[in-house]
Structures are given as C-alpha cells and as structure tokens.
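Report on the structure given below.
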Amino acid sequence: MVDASGFPGLRFMRLRRRVESLRPIVLAALAVFGLLGCASIPEPSGDEAAARAAFAERSARLEAVDTWRLAGRLILELPEETWTGQLGWRAEGPEQVIDLSGPMGRGGGRLVLGGHRAVLLTRDGERYQASDPDRLIALITGREIPVSGLDAWVRGIARPGAGFDLRADAGGRPSRLIQDGWEILYGAFEDAGPAVMPASLELRRGDMRLQLRIHRWQLGQPAPAS
C-alpha cells in the first residue's frame, strides 16, 4: 500500500516512475477537467430564476437518494493520447466504488471512496491510498485539482455548499454547469424512475476532454428478486 503522508527520496522516485502509466486511468476515474479561473455569475432574469428554482427542487430530490448506480462508457482525450473504457459506479450512503476497464478488459482498476479515504486498486495489484480524492490525484499526478463535486455533477446537480454558474431548462435539467472552476456540458437525459438523469455529459479543461455515455441508471435500492 502507498500512503500520501510522505516518501523517502529513492522510494518516491521509483513510485513516480511506476505510477506514471496510471495517469490516464486516474484522470478518467476522477474526471480531472477543471476550467482555469472562475466565471462571474450575472443577475438571473425571470426565466433564469425559474430554471434555478426548478434545478434546486430537482437537486433536493436527488440528494435525498443516497443509493444509486450507473453503467456507461467513457472517452478521455489528452493531447498525447486517448483512453476509452467501460465505467461502473455505485454509491451506498457515504461509500462509493468506481470500476474502470479498458478494451477487452485490459487496464483500468477500482477507485473506492468513503470513510475519509480514497483508494485506487489497479488490475496489476498495485494499491494507492490517500485521505480523500484530491490528495490521491495529487499523489498520482502531482496536480492539486478539486474533484469533490464529481459525484454530484454526474447526476446533473451541483456540489452542495459552493457557488455555481448554471444554464438549465424549465424542468431543472442543466445544459451547462460551472463549479469549482470546472465546466460540465450535458446532452440528453433519460427517465430513471424517480427522476430524469444524464445520459451524456462532457467535462472540459483546456485541451483535455472527458465524455461519458451512460446507458443505465438505477436510483434507490434494487428491487428484491421474485
């Protein structure tokens, strides 16, 4: 296990060389696509105020659902490479598990969040741990980029307790969200029972782009087998 508290010099250099190949996987798992700078938020018009109210109502309903799952596909585009894979994400209260697998099941790994820890387990048996996702991304990539709102953004809501810039329709479904310096663009939504959920979204930062195509949502506990 690798801990984020510090490393002796030689061991640290070996670690950094070894984890360099994990960079696309970690970036995909944590969706590291922050937008530089913060956007100013103009005074909303009447229609915008109504859309924000609908967005707040939709957000409150989804925040009350602490058990959910999704399955889909992601495409991570970096200047020097492109990584595609399958994504499985499940949340049960404060615990979240994100599974990634590359083409033909190669590559990828599992990211476990919750209990004041973030753990990355690779398919090669490597294990990397930090106290939260932000510290884990700093350990692996050397960057300090906030990712704490990712579980909210993938559901089409904003991270609670922080300001945001929003473009949404009358039903509260966002088409564009900027928060914590990140930009998220939403495409289609699909009916998932208790709420309509994003079926496609894109996260951007400079010349990096992450696309998510979600083909299955499950909100709440699964129905018991008959």
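Only the coordinates and a few stated rules stand behind these numbers; no lab work does. All values derive from a computational prediction rather than experimental measurement. Glycine gets a Cβ as well: all are built from the backbone with ideal geometry, and neighbour counts include every protein chain shown.
Observations on the model:
- Sorted largest first, extent of the range 123-202 alpha carbons per principal axis (Å): 44, 29, 20
- Burial order of peptide ranges 50-61, 129-140 (average beta-carbon count within 10 Å, highest first): 129-140, 50-61
- Model label zone, Ser200; criterion: amide N under 11 Å from point 7 Å along Cα-to-beta-carbon; scope the range 153-189: 186-189
- For the range 71-106, the residues whose backbone nitrogen is under 18 Å from a point 7 Å from the Cα of Asp207, taken along Cα to Cβ, are 76-83.
- Virtual paramagnetic centre 7 Å along Cα→Cβ of Arg61, amide N under 11 Å, in the range 172-190: 172-173
- Electrostatic bookkeeping for Ile178 treats Lys and Arg as +1 and Asp and Glu as -1; over the other residues with beta carbon under 12 Å from its beta carbon, the sum is +2.
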